[in-house]
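Quick notes on the structure that follows.
Readers should treat all values here as calculations from the given coordinates under stated rules, not as data from a laboratory. These numbers were taken from a predicted model, which means no experiment stands behind them. No Cβ is skipped: glycine too gets one built from the backbone with ideal geometry, and neighbour counts run over all protein chains shown.
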Amino acid sequence: MVTRRTFLRSSGVVLGAGAVGALAACGSDSGGEEDDGAPKDLRFAWWGHEEMHRTTVEALELYSSRHENVEITGENTSWDDFWDRMATQIAGGNGPDAFQMSNQMIVDYAQRGALLDLEEYVGDVIDLSDWDENLRSYGIIDGVRAGVPISTDAFTILADSDVLAELGLTLPEAAWTWDDLAELSLAVREASGGSLWGMSDGAGRYELVEPWVRGRGKTLFDVEADPVTLGFDKEDYGDFLQWWSDRRDEGACVPADVAAEDTSHETSPLVTGSAPLYFTTTSELTGVRALTPAAIQAVPMPDTDGGSKKANFVRPNLFMSAWTGTSYPTECARLIEFWINDPEAVEVIGNSRGVPPSPASAELVEDAPDASGLRTPAEYLALIREVGDPMDALTPRSGREVYQLMTRIGEEVRFGQTTVPAAVDSFFDQAASILGG
């Protein structure tokens, strides 16, 4: 049986490496014998939109129905609350046994010693044999398999093709540039007589900074440096912020007050009807389409004209990990295998988190081709593999704080609280402190 818990927001707790090491010692030794017939009370934690919540509960219920001695308590919360609570629980020696893990946080938690090494279960329990070689290696951090990818996605621009068609405008088939995006967005403003803006404001989103700097042959982070540093320079970031300021000034993207209301898919300019172009990831494609009757097409992120590296790439967006202190490491490994390879489980979960990493599982949940030409998540990822380049690296430790800093800096520029040059200096100073701290 799966039970559900609703949690109050926990106060933020710093996850200290020393504390985690001590806590791991308090949990059961993952190398010890695990009685398969004994009752097991597992806790599984996740965050996500309603479709992710529904499919998770159904999958956990299915697992429990096949393992009568296993009871799983589900712990679901919002994105921000998830990390506050996870830090609190692990620091207190009470982490969930298994949990959904973000590509933004897996390196951080792995390097703090909080994640069980799953390598000993690969082959005997967890089957990754048909996976792409790169995907198989993602989740191995400093020699420890800290998680197994459970979904893949890519950055995308979701476009209301109905609105664009009404305005006599067309989307690119595949590759396009930042100049093309600027022209199309301004054309929306002009063709609509000023009643629409072209796109949402992406000035504070790392999902747009990364394609921008990749086109210049750079990376978000230099993960080979010790300590890790930013992989781009002030000129790159200043040009990015100025590009968005120019789009804002000409009406190609939404103004600051409209951008401030863009806090979820439900309140996004795409869904509310104020702008037909919206930046997100393909793991959100199914959920966004469910919010609007419009025909939503997924198109690639823009490349830099003459750039040395392609902007687009496929990435593992979510992992499943287990806590080092779990009393049931083998059962956690079985749950992971069930999640990624069991046909019935795969069909229950579907594309709610993104496209499954296993080719066989991806084929099971592939949507039928749309007669109108709207790309399915799998079709979009196939396109990105054609027009893109490989992913650079997973987000390093403290990288999420840098992303949050980008959001704040973008907001300050958007509302005229600072200039672009001052914002760039502030960002680099604070990012250096975050990454070097």
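Couple of notes before you dig in:
- The lysine pair count for the chain, using Cα distances under 30 Å and pairs eight or more places apart or on different chains, is 5.
- Shape of the stretch 316-415, Cα gyration tensor, a/c cut at 1.5: oblate
- Neighbour counts of C-beta atoms inside 10 Å place TRP197, TRP79, TRP323, TRP46 in the sequence TRP79, TRP46, TRP197, TRP323, starting with the fewest.
- Helical mean residue ellipticity (222 nm; -39500 (n - 2.57) per DSSP H run of 4+; nearest 500) of the chain: -12000 deg cm²/dmol
- Counted charge near ASP257, where neighbours are those whose Cβ lies closer than 14 Å (Asp, Glu -1; Lys, Arg +1): -2
- The gain in end-to-end length when the ASN134 to GLU120 segment is fully stretched comes to 3.1 nm, 0.36 nm per residue minus the alpha carbon separation.
- Projecting the Cα atoms of MET105, GLN89, SER274 onto the charge dipole of the chain (Cβ charges, centred on the Cα centre) puts GLN89 farthest toward the positive pole.
- Largest mean-square fluctuation among PRO39, PRO316, PRO343, in a Gaussian network model of the chain whose springs join Cα atoms under 10 Å apart, belongs to PRO39.
- Annotation: Cα Rg of the stretch 270-334 relative to the compact-globule expectation 2.2 N^0.38 Å equals 1.75.
- Under the membrane-span-like helix rule (DSSP H runs whose alpha carbons stretch at least 30 Å along the helix axis, mean Kyte-Doolittle hydropathy 0.0 or higher), the chain yields none.
- Between THR419 and ASP257, the FRET efficiency from the beta-carbon distance, with R0 = 35 Å, is close to 0.95.
- Between ASP81 and GLU190, the modelled label-to-label distance comes to 4.7 nm, taking each label 7 Å out from Cα in the direction of the beta carbon.
- Here the convex hull built on the C-alpha positions of the chain has a volume of 139 cubic angstrom per residue.
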